[in-house]
């Protein structure tokens, strides 16, 4: 990981990078797609299967998310068909503590 400028002095981070499959090639590809994520963000991106292709698709559609937002967008399965303002609003909103998920197939 030193070859791509990732500090490998923290053994726990190094183990996490290895376990999640973050390779120097993945880091280079993510950077080439316009991101310079830290170790935690790289791990999150890899866990959520954020690919350079996904990033390019999102950016080509006019989205300008940061690393945390792109991870959130991937988790929520946001695609370029979702209006940017709606996507940002949706990702930043938190459900009400009184909100209950109702099963649409369940009848009272």
* surrounded by 11 or more Cβ atoms within 10 Å (Cβ to Cβ), part of a helix (DSSP H, G or I) and modelled with pLDDT under 95, is that true of residue 6? -> no
* Please indicate, with yes or no, whether at least one residue in the stretch 89-106 is modelled with pLDDT under 90, more than 30 Å from residue 18 (Cβ to Cβ) and surrounded by 10 or more Cβ atoms within 10 Å (Cβ to Cβ). => yes
* Asked: Which residues, taken from the stretch 49-72, are closer than 24 Å to residue 18 by Cα and surrounded by 15 or more Cβ atoms within 10 Å (Cβ to Cβ)?
  -> 50, 51, 52, 54, 55, 67, 69, 70, 71, 72
* Having 1 or more residues that are more than 14 Å from residue 5 (Cβ to Cβ) and in contact (Cβ under 8 Å) with a residue 24 or more places away in the chain is the bar; report the helices (runs of 4 or more DSSP H) wholly within the stretch 20-83 that clear it. => 39-47, 52-60, 67-75
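The values are calculated or read from the model by the stated rules, or taken from the named source; none is laboratory data. All figures in this text were calculated on a predicted structure; none of them were measured in a lab. Note: ideal-geometry Cβ built from the backbone for every residue, glycine included; neighbour counts use all protein chains shown.
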